[in-house]
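Data first, discussion second: the structure below is written as structure tokens.
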Amino acid sequence: MLVIAALAGCAGNNTATEGEVDKNAGNAPAKAEKRIMRIGIGLNEDHPQFKGLEKFKEELNKRVDTIEVQLFANSQLGDDRSMMEGLQLGTQEGTCPSTAPIVGFKEEFKVFDFPFLFPNEEAADKILDGPIGQELLDSLSEVGIKGLVYWENGFRNLTNREVPVRTPEDMKGLKIRTMENPVHLAAFRALGANPTPMAFGELFTALQQKTVDGQENPIATIYYNKFYEVQGYTTLTKHVYSPFVFMISQKFWDESTPEEQDAIMEAAKIARDYERKLNREANQTLAKELEKEGMEVIELTPEQQAAFMEKAQTIYPEFAKGKVADLLERVQAELKK
Ligand code: KDG
């Protein structure tokens with residue numbers, strides 16, 4: 001409790017004053033204090049996610065001069081879960097996690113974890129940018145978080161150190177790091193692997209020290225985080241589409257003026273379109289670069305991919321329950337239209 005109280009105490013200090021106001025005290029009117037918006041992510045500065053945040057900062061600066069955005073990559077402010085807790089406490093203002101770790105805060109986000117749900121990015125955009133996606137973003141307010149918009153992480157693929165995986169049988173016994181999410185863990189167990197949850201910031205070292213044999217992430221992350229230095233094979237399983245949620249603390253949002261709120265939302269949307277474009281280009285082009293770095297990149301035949309789909313989807317009944325089942329049905333119905 002003491003730690004929480006101390007952290008919450010710091011939160012009130014998130015303002016900065018522009019210029020040397022003190023020297024002019026009594027002469028010129030003091031310039032308005034800027035509120036600081038600290039945004040942290042797990043990925044690094046090369047990833048489209050960080051470029052998207054830079055775009056957000058630029059666009060926000062064009063619109064208001066009362067907010068100073070500060071960006072932190074490489075889990076400098078913590079992992080996805082602890083950063084979201086920071087948003088709730090008001091000790092950090094923004095972050096952009098994959099939806100998978102959000103299920104610890106709002107179970108309904110599990111709907112995006114069902115393997116092989118979205119056939120392509122456009123189908124994902126349709127759901128995420130439509131009423132279902134909005135409903136889920138709005139529900140975050142109940143846990144002290146303002147969900148702004150969805151950005152893209154992308155279709156996840158398997159990498160591992162030693163086996164050219166082409167069938168679920170090839171994964172037998174492989175120790176695979178997943179995000180902290182029960183649906184992902186179950187799906188990898190169903191595929192025959194030995195999954196273990198871990199924060200992203202610990203992953204490279206775990207691969208290097210062989211604590212785990214493999215992991216799963218979109219191509220852009222595999223490339224920009226240099227996983228090719230410690231992994232031999234990428235199999236293009238595309239087993240799940242990971243959205244990012246760009247989110248800020250409800251406290252920061254509520255303390256913003258209507259003008260600032262409009263500016264935050266507009267900048268977040270412009271940055272979303274920019275980030276998705278960069279990310280799609282990266283996910284299209286970087287497989288070749290992985291090969292140049294010495295990785296074998298395995299493209300599955302439709303039959304091979306169907307074998308992964310069949311096994312992974314056996315977990316649907318276990319997790320399609322209650323509110324999650326209703327959402328899943330609505331997503332599936334919408335995708336059929
Ligand atoms: O910046 C986002 C990352 O923290 C994380 O969500 C990336 O997909 C990810 C993973 O595998 O943890």
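The values are calculated or read from the model by the stated rules, or taken from the named source; none is laboratory data. For clarity, every value in this text was computed on a predicted model and none was experimentally measured. Virtual Cβ from ideal backbone geometry, glycine too; neighbours counted across all protein chains shown. For accessibility, only protein heavy atoms count, side chains too; no ligands or nucleic acids. Shrake-Rupley method; radii C 1.70, N 1.55, O 1.52, S 1.80 Å.
By a straight-distance test (C-alpha under 17 Å), which lysines pair with Lys34 as possible cross-link partners, with residues fewer than eight away in the same chain excluded? Within the straight-line cut-off, Lys34 pairs with Lys57, Lys62, Lys251.
Bridging of Lys321 to aspartates and glutamates at a Cα separation below 14 Å is possible for Glu107, Glu108, Asp113, Glu329, once same-chain residues fewer than 8 apart are set aside. Over the residues of the chain, the helix contribution to mean residue ellipticity at 222 nm works out to -13000 deg cm²/dmol, using -39500 (n - 2.57) for each DSSP H run of at least 4.
Could you tell me whether the stretch 178-259 comes out rounded, prolate or oblate from its Cα gyration tensor? Rule is a ≥ b ≥ c as square roots of the eigenvalues, rounded for a/c under 1.5, then prolate if a/b exceeds b/c, otherwise oblate. Because a/c hits 1.5 or more and a/b exceeds b/c, the stretch 178-259 counts as prolate. If you take all other residues with their beta carbon under 11 Å from the beta carbon of Glu93, and give Lys and Arg +1 and Asp and Glu -1, the sum is +2. Note on exposure: Lys210, Lys110 ranked by accessible area (1.4 Å probe, complete protein assembly) read Lys210, Lys110, with the most exposed listed first. Most tightly packed first, judged by the mean number of other beta-carbon atoms within 10 Å of their residues, the peptides 219-231, 307-319 read 219-231, 307-319.
Annotation: for a label point projected 7 angstrom from Cα along Cα→Cβ of Leu236, residues of the stretch 153-167 with backbone N closer than 15 Å are 155-159, 165-166. Here the relative contact order of the stretch 86-190, from alpha carbon pairs under 8 Å that lie six or more residues apart, stands at 30 percent.
Is the stretch 222-337 rounded, prolate or oblate when judged by the Cα gyration tensor, a ≥ b ≥ c being the square roots of its eigenvalues, rounded requiring a/c under 1.5 and prolate requiring a/b larger than b/c? Oblate, because a/c is 1.5 or more while a/b does not exceed b/c.
Within the straight-line cut-off of under 12 Å between alpha carbons, the aspartates and glutamates reachable from Lys238 are Glu121, Glu216, Glu299, sequence neighbours fewer than 8 places apart in one chain being disregarded. Scanning residues 5 or more positions from Lys175 or on other chains, those with amide H under 5 Å from its amide H are Asn194, Asp213, Gly214, with H placed 1.01 Å from N in the peptide plane. Based on Cα contacts under 8 Å between residues 6+ apart, the stretch 168-271 shows a relative contact order of 21 percent. Couplings 3J(HN,Hα) for the stretch 203-209, derived from phi with the Karplus relation 6.51 cos²θ - 1.76 cosθ + 1.60 (θ = phi - 60°), are 5, 4, 5, 5, 6, 5, 7 Hz, where x marks Gly and Pro. Amide hydrogen proximity for Val149: with H placed 1.01 Å from N in the peptide plane, the residues at 5 or more positions away or on another chain lying under 5 Å are Phe246. Remark on Ile36: its backbone amide H falls under 5 Å from those of Thr15, Ala16, Glu68, a criterion applied only to residues 5 or more positions apart or on other chains, H modelled at 1.01 Å from N. Remark: relative contact order (the chain) = 24 percent; criterion is Cα-Cα distance under 8 angstrom and separation of 6 or more residues. Taking the convex hull of the alpha carbon positions in the chain and averaging its projected area over all directions gives 19.0 nm².
With a simple spin-label model that places each label point 7 Å from the Cα along the Cα-to-Cβ direction, the separation between Asp138 and Glu329 comes to 2.1 nm.
Over 26 Å between Cα atoms: which of Lys126/Lys175; Lys110/Lys292; Lys55/Lys126; Lys110/Lys337 fall into that group? Over 26 Å Cα-Cα: Lys126/Lys175; Lys110/Lys292.
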